[in-house]
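The values are calculated or read from the model by the stated rules, or taken from the named source; none is laboratory data. What you see is a predicted model, and the numbers here were worked out from it, not measured in a lab. When we count neighbours, we look across all protein chains shown, and the Cβ atoms used for this are built from the backbone with ideal geometry, even at glycine. Quick note on the areas: whole protein, heavy atoms, side chains included, nothing else; ligands and nucleic acids left out. Shrake-Rupley method; radii C 1.70, N 1.55, O 1.52, S 1.80 Å.
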Amino acid sequence: MCGIVGYIGHREAYPIILKGLKRLEYRGYDSAGIALFDGTDLKLSKTKGKVANLETKLESEITTHGSVGIGHTRWATHGVPNDVNSHPHYSNSGDLVIIHNGIIENYESLKKELIKRGYVFKSDTDTEVLVNLIEDVKKNEQIKLGKAVQIALNQVVGAYAIAVFDRNKPNEIVVARLGSPLAIGIGDDEFFIASDASPFIEYTKNAIYLEDEEMAIVRRDKGVKIRKIHDDSLVDPYVQELQLNLEQIEKGGYDHFMLKEIYEQPSAILDTFRGRLLTNEAIIKMAGVEDNMKKFLNADRIIIVACGTSWHAGLVAEYIFEDLARIPVEVEYASEFRYRNPIITEKDVVIAISQSGETADTLAAIKLAKSKGAFVFGVCNVVGSSIAREAHAGAYTHAGPEIGVASTKAFTTQITVLTLIALRLSRAKGTISSSDYRHHLIELELIPDKVKKALESDDYVKTIAEIYKDVHNFLYLGRGYNFPVALEGALKLKEISYIHAEGYPAAEMKHGPIALIDENMPIVVIATKKGHYEKVVSNIQEIKSRKGKIIGIVTEGDTQVKELADHVIEVPETIESLSPLLTTIPLQLLSYHIALMLGKNVDQPRNLAKAVTVE
Ligand code: G6P
């Protein structure tokens, strides 16, 4: 995820773009840049770090005059966050400049072609490939910028929201969208371009939201002309009147970042396996795994180190790795591991899981593992973070920035990456049959749609939240793959509602927690069809006979639990190993609604921090 902003009109573009970038920093903030055209020259300045760094740099570096310009705040996907990889990117001639939010999946093959034709690349980004591809098409075909962008985009596989400016055509900006958002604000003889409407809300309430596969030529004098990228047909612009205020827009219309991130999970999971899961070819492509396949295959065991929600994702991974790839796994709290003189050998593979990539204990744990000769693989969300850099290799989750302190989309995307790794290894080891392997790939590909379906329980979950919001204790139970989900569900509730909650393996209930059960105790039981169903149903009966209140998370169409439970929340059917990706959704929603009803600060709960960089 990145934020893009553009302006063309009669005002000074710089303050509009700068303020717009600050508002879009929630979309990424590892580097930023602005290009301005002052009537004669194109000026560009960019830097690693937040927009505030850019502001300091820019004002000392270039004159900030000009009534047309584009700007970008980055969430790195290809290439570490540094000055060179920051956007905007020039084409080789220096005539064109581009900003991009998204991923060009076939950039390597395009780049090779362009290099053959003499193009030189300064950065590691896919975006610099795209701007040169546009330049190449424009030069070869002797066509206008808009047409060249269209032809180039027809050669591109991936996702994008782009804005392209040509210094020889200073009255227009060309924009296009596929899979990443792009809004155009319509003023009086002025136009605003942005990833959402927040950069221009005080200037105009009229906006066009480009649809996927649409591009627009935005002309200072002639307005906006929209076409379909693939079939060239013209599209009538649909101008909407914005009803939202600024804060709502930054949160994409949601009341809180947490809710927005819960709802982003279908697209976040898709982004996680985009370009990696090739179902038709029955291939999983992950460079970090491929390049180190020997290490994985020769490993005596995998040790997973993590904290908090990431540790719960690690527990799910333990089931997947052992079940599918038949590799012994130990899951460790990084904070314990680092101080207990663990036995680590050169034949161990250590997987460190961390959303932020900055958690101090996890970082210390991997340094320890490295010092003992283990191979360390990082699973991080933040590109270029300390853990990502410290690990020998890794795979990013590509979930986009997670702002809510209670982790949601990070959890499901971590499980997605770890599932891909486990599947790849089980194929390489021959521990999975080819039909079972294919079945897993097909089911994984269906998960984003099934998560969407699971999100439809939101209103019903809200009614359950209303009933139980005033209790002081909750119990969460699950078995097998869904035991870690029970832990995660309890953690979510604790974190943001401050209600005491415990997660337990369902069968362990009789060794302690059963003593807590009375008619006031709500117990969330994950009882999906394929995970030891009959056994969990027996546990539910044990709860019922002690008058506990049962909230069952069940597979669509379930009848048995429905008869016993006080409430059931349905999730779509899937294979057992993927069920955590669905069962976790209602639990996130339940904690969100309860916290909200109790008037708690959902996005910034007391005493917690998003990245714990102290031990
Ligand atoms: C903090 C956050 C949690 C997170 C944990 C681990 O406690 O509040 O949401 O799960 O740190 O963070 P990491 O960035 O390493 O995943």
Q: Could you tell me whether Leu133 is open to solvent by less than 50 Å² (accessible area, probe 1.4 Å), among the aliphatic types (A, V, I, L, M), in contact with a helix residue (DSSP H, G or I) (Cβ under 9 Å, 6 or more places away or on another chain) and more than 28 Å from Leu234 (Cβ to Cβ)?
A: no
Q: Restrict the check to the stretch 462-469 and report whether at least one residue is open to solvent by less than 10 Å² (accessible area, probe 1.4 Å), within 16 Å of the ligand (Cβ to nearest atom) and among the β-branched types (Val, Ile, Thr).
A: no
Q) If you scan the stretch 308-324, which residues turn out to be more than 18 Å from Thr584 (Cα to Cα) and touching a strand residue (DSSP E or B) at 6+ places or on another chain (Cβ under 9 Å)? A) Phe321, Glu322
Q: Scan the stretch 355-367 for residues that are farther than 24 Å from Asp300 by Cβ and either more than 15 Å from the ligand (Cβ to nearest atom) or polar (S, T, N, Q) (or both) and jot them down.
A: Gln355, Ser356, Thr359
**Q.** Gly49 being crowded, with 23+ Cβ neighbours inside 10 Å and within 30 Å of the chain's Cα centre (by Cα)
**A.** no
Q.
When you check Asp459 against the structure, is it more than 16 Å from the ligand (Cβ to nearest atom), among the acidic types (Asp, Glu), closer than 30 Å to Ile327 by Cβ and free of Cβ contacts under 8 Å to residues at least 60 places away in the same chain, yes or no?
A. no
Q: Please tell me if Gly489 is within 16 Å of the ligand (Cβ to nearest atom), open to solvent by less than 20 Å² (accessible area, probe 1.4 Å) and at pLDDT below 95.
A: no
**Q.** Filtered residue count, the stretch 357-367, keeping only those that are of a type in the set (Gly, Ala, Ser) and open to solvent by 10 Å² or more (accessible area, probe 1.4 Å)
**A.** 2
Q: Please work out which one of (1) modelled with pLDDT under 95; (2) away from the ligand (no atom under 16 Å from the Cβ) is the condition Arg338 fails and give its number.
A: (2)
Q: Looking only at the stretch 334-342, decide whether some residue is surrounded by fewer than 17 Cβ atoms within 10 Å (Cβ to Cβ), on the phi > 0 side of the Ramachandran plot and free of Cβ contacts under 8 Å to residues at least 24 places away in the same chain.
A: yes
Q) Quick check, is Asn607 within 16 Å of the ligand (Cβ to nearest atom) and out of contact with any helix residue (DSSP H, G or I) (no Cβ under 9 Å at 6 or more places or on another chain)? A) yes
Q: Could you list, in sequence order, all residues of the stretch 262-272 that are away from the ligand (no atom under 16 Å from the Cβ) and either of a type in the set (Val, Ile, Thr) or out of contact with any helix residue (DSSP H, G or I) (no Cβ under 6 Å at 6 or more places or on another chain) (or both)?
A: Tyr263, Ser267, Ile269, Asp271
**Q.** 1 or more residues farther than 14 Å from Asn482 by Cα, of a type in the set (Val, Ile, Thr) and open to solvent by less than 80 Å² (accessible area, probe 1.4 Å): qualifying strands (runs of 3 or more DSSP E) within the stretch 494-576
**A.** 522-527, 549-555, 567-571
Q) Restricting attention to the stretch 180-200, does a residue exist that is touching an Asp or Glu at 6+ places or on another chain (Cβ under 7 Å), at pLDDT below 95 and over 30 Å from Leu446 (Cβ atoms)? A) yes
Q) What are the residues in the stretch 368-383 that are near the ligand (Cβ under 10 Å from one of its atoms) and either farther than 15 Å from Ala352 by Cβ or open to solvent by less than 10 Å² (accessible area, probe 1.4 Å) (or both), if any? A) Val379, Cys380, Asn381
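Quick grid of which residues meet (1) touching a strand residue (DSSP E or B) at 6+ places or on another chain (Cβ under 6 Å); (2) of a type outside the set (Phe, Trp, Tyr); (3) closer than 23 Å to Ala306 by Cα:
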position	(1), (2), (3)
Glu542	no, yes, no
Arg546	no, yes, no
Ala565	yes, yes, no
Leu578	no, yes, yes
Thr584	no, yes, yes
His593	no, yes, no
Val602	no, yes, no
Ala611	no, yes, yes
(Q) Can you tell me which condition Ser433 does not meet? The list is (1) within 20 Å of the chain's Cα centre (by Cα); (2) surrounded by fewer than 23 Cβ atoms within 10 Å (Cβ to Cβ), and all the others hold. (A) (1)
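Yes or no, residue by residue, for (1) buried (at least 16 other Cβ atoms within 10 Å of the Cβ); (2) modelled with pLDDT of 95 or more; (3) of a type in the set (Phe, Trp, Tyr); (4) within 16 Å of the ligand (Cβ to nearest atom):
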residue: Ile302; (1), (2), (3), (4): yes, yes, no, no
residue: His312; (1), (2), (3), (4): yes, yes, no, yes
residue: Phe321; (1), (2), (3), (4): yes, yes, yes, no
residue: Val349; (1), (2), (3), (4): yes, yes, no, no
Q: Starting from the stretch 261-286, take each residue that is at positive phi and list its partners that are open to solvent by 30 Å² or more (accessible area, probe 1.4 Å), counting only C-beta distances under 6 angstrom and pairs at least six apart or across chains.
A: Gly275/Glu105; Ala282/Arg438
Q | Among residues of the stretch 97-130, those that are surrounded by 20 or more Cβ atoms within 10 Å (Cβ to Cβ), free of Cβ contacts under 8 Å to residues at least 60 places away in the same chain and within 25 Å of the chain's Cα centre (by Cα), counted | A | 8
Q) Looking at Ser433, Ser426, Ser386, which is the one that is free of Cβ contacts under 8 Å to residues at least 12 places away in the same chain and either within 16 Å of the ligand (Cβ to nearest atom) or among the polar types (S, T, N, Q) (or both)? A) Ser433
Q) From the list Met293, Met258, which one is crowded, with 21+ Cβ neighbours inside 10 Å and either more than 16 Å from the ligand (Cβ to nearest atom) or closer than 20 Å to Ser198 by Cβ (or both)? A) Met258
Q: Take Gly400 and decide whether it is away from the ligand (no atom under 11 Å from the Cβ), of a type outside the set (D, E, K, R) and either more than 23 Å from Ala325 (Cβ to Cβ) or surrounded by fewer than 24 Cβ atoms within 10 Å (Cβ to Cβ) (or both).
A: yes
**Q.** Flag for Thr416 being within 16 Å of the ligand (Cβ to nearest atom) and not basic (Lys, Arg)
**A.** yes
Q: List the number of the failed condition for Asn607; all other conditions in (1) of a type outside the set (Phe, Trp, Tyr); (2) within 16 Å of Tyr476 (Cβ to Cβ); (3) open to solvent by 10 Å² or more (accessible area, probe 1.4 Å) hold.
A: (2)
